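Accompanying notes for the structure given below.
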Amino acid sequence: MKNLFSNFKGDLFGGITAGIVALPLALAFGVSSGLGPSAGLYGAIFISFFAAIFGGTNTQISGPTAPMTAVSMVIIAGIIAINDGSVEKALPAILTVFLLGGIMQIGLGVLGLGKYIRYIPYPVVSGFMTAIGLIIIITQTLPTLGYYPKDDIEFVDQYKPQAEEFILKNILKEEAGEGILVLENFEETINRSNEITPESIQKEAQTLANSETKGALGALKVIPRALQNINWLEFGLALATIFIIYGFKRITTVVPSTLVALLVVSGIAFGFDLNYRPIEQIPAGFPMPNFKIFTEFSLGSVTPYFFSALTLALLGAIDSLLTSVVADNMTKTKHIPNKELVGQGIGNSIAALFGGLPGAGATIRTVVNINSGGKTKLSGMMAGILLLFILLALGPVASKIPAAVLAGILVTVGISVMDYKGLKAIPSLPKDIKIGPIKLSSEVIVMIVVMLLSTFWNLIYAVGIGLVIASLMFMKKMGDLTAERSDVKSLEEEKAWSDEIDFPKNLKEEVFIKHLKGPLFFGSTSEFQQLANQIPKTASTVIIRMGRMQYMDQSGLYTLEDVLIDLKKSNITILFVGVLKQPRYMMERVDVIPDLIPEAHIFKTFNESLLWVKENIKDTTGTS
């Protein structure tokens, strides 16, 4: 406790400043997620406070971030779609997925998996981050233009036939569930269909129109229509917000330009009583836990989103630990990665209980905190307390903020979150793959595949596909390198190792030496399989040198076994030299040793095998 208040003044100022920076972003992320501004604010309050208490990075400021919001947006839209477009009906399942993601994060920390996060390839991260930026920019184009599909009567009317069909299907589904046979009881179906009103059809059509324009692809479909129906006031407010954010930074960076833009543009819009569209109402009072997570829990509604929750957990872990590294570099301290994951998981779990968006360590807010004097966990706690105060004291005022202002803020967030370093490197990366006459870079392929699939299809699957492609390409490269270094050559063709220089010249035709360099795994087995066919017919003995083969997987083991069996069939004696611990253990498990290679044919050094050769092998070719 004493250490917590050792830098009270600096932590107080750092936390307040970081909280002020977080406010407009929290509101904007909440709106873009589909759950409303309060969800973003609740997430920022609880994650910031509890991740600071339990986390492993003293100066970290946590809350909703662009990547976490983008993934949350996909999850939210999917669950709302299967709940008849009702946020209220979908909310328990949505928050359960968020809670599951937080619990998984705690699990990652408890199991000590924080150190493995760094093995995710850079092209996957780069493509993902650029996609996040593109998704935010494209989806915020509609509110920036002041166009909301569900309010476009002509556009919504196109979906009325589908809305009627959807409502009738639900009626038939209800009757089937109640055991009513439609063909035997038309009257019941007619009576229920008479309850369908123009209002219910209109509402369902609005839901369908809204869901059709969700995501980057949906937004792109209606951008031409949005341009035809542009709301110039909303567009002007969004442009003014973007202009102030970029322009004010040139004057000073002491005051956050995002906050200045929020206050100035909102003040003008409200002060001059302009006919703008405000954000959703922010509930007054202290946020209360949503117990429907437990009372309305359904395993079936959450199971399809298990991997979505895992993606949130992993993405939050990556986001937070990268920010922790930035904080370490600035403060010359060392964060505790697994403790940080536990802290983030606790913060996300508690935020989910109160209806908040999931989040992670936020780099910009953390940097602001450190630059403003924050040094201990108290700074992150102060940021959360400040946001709670703003919610309790200024909730009704914040509800007057124009939606176009938050859209403008998000456009600048989208621009800033893209990975320009990775994009600039595209022309200079080595072209290591040849497809027909075209040479391409494997890293660029992974980056672009992840970027395009994330932007226009599915963020979660895109990352998985990117990891698989990157892993396959890596294994192909490693296999090629291993095969190249461990090529099958005769003793005369291959450069002899230092202890092979004095090998008897008269036995070079009878003895074939094979050098294994690097792991024998499934990516490098194809070349090794040719060993039996490439040995000269004069050879009666093969020495396989394994001193530089540190690892063998199951594929490598069975490939080796097949080759040894082929050699045995050809009456060739096999000697092993320098077998290391792991490969030997693998070979003993399937009895390659001693069934195929007896202990008498296994030598620690090449010189020992040479003595055996001199004693047991005769010159049958007459070489002198």
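The values are calculated or read from the model by the stated rules, or taken from the named source; none is laboratory data. Source: prediction; values computed, not measured. Cβ coordinates were reconstructed from backbone atoms using ideal geometry, including for glycine residues, and neighbour counts include every protein chain displayed.
Within segment 321-333, identify whether any single residue is among the charged types (D, E, K, R) and either closer than 25 Å to ALA81 by Cβ or buried (at least 23 other Cβ atoms within 10 Å of the Cβ) (or both), and answer yes or no.
From segment 321-333, those among the charged types (D, E, K, R) are 328, 332; that's our starting set.
Cutting the leftovers down to either closer than 25 Å to ALA81 by Cβ or buried (at least 23 other Cβ atoms within 10 Å of the Cβ) (or both) gives us none.
Checked against the condition, which is being among the charged types (D, E, K, R) and either closer than 25 Å to ALA81 by Cβ or buried (at least 23 other Cβ atoms within 10 Å of the Cβ) (or both), segment 321-333 yields no hits at all.
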Handout entry: Tally of residues being aliphatic (A, V, I, L, M) and touching an Asp or Glu at 6+ places or on another chain (Cβ under 9 Å) across segment 67-89
Key = 1
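Quick one: how many residues across segment 587-605 are part of a helix (DSSP H, G or I) and surrounded by fewer than 20 Cβ atoms within 10 Å (Cβ to Cβ)? Quick ask: steps written out before the conclusion?
Start the filter on segment 587-605 by keeping residues that are part of a helix (DSSP H, G or I), which leaves 587-589, 592-596, 599-601.
Now restrict to residues that are surrounded by fewer than 20 Cβ atoms within 10 Å (Cβ to Cβ): 588-589, 594-596, 599-601.
Matching residues across segment 587-605 total 8.
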Exercise for the section: Could you list, in sequence order, all residues of segment 460-482 that are at pLDDT below 75 and within 17 Å of ALA313 (Cβ to Cβ)? Expected result: ILE460
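Each row is one residue, and each column tells you yes or no for (1) modelled with pLDDT under 80; (2) within 23 Å of ASP591 (Cβ to Cβ); (3) part of a helix (DSSP H, G or I).
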residue	(1), (2), (3)
ASN506	yes, no, yes
LYS514	no, yes, no
ALA532	yes, yes, yes
PRO536	yes, no, no
VAL542	no, yes, no
GLY547	no, yes, no
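Give me the residue from segment 7-63 that is aromatic (Phe, Trp, Tyr) and farther than 9 Å from GLY384 by Cβ and, out of that set, surrounded by the most Cβ atoms within 10 Å (Cβ to Cβ). Don't jump to the end; show me each part of the working.
Let us first name the residues in segment 7-63 that are aromatic (Phe, Trp, Tyr), namely 8, 13, 29, 42, 46, 49-50, 54.
Narrowing the set further to residues that are farther than 9 Å from GLY384 by Cβ leaves 8, 13, 29, 42, 54.
On the way: PHE8: 12, PHE13: 16, PHE29: 33, TYR42: 29, PHE54: 19.
This residue is PHE29.
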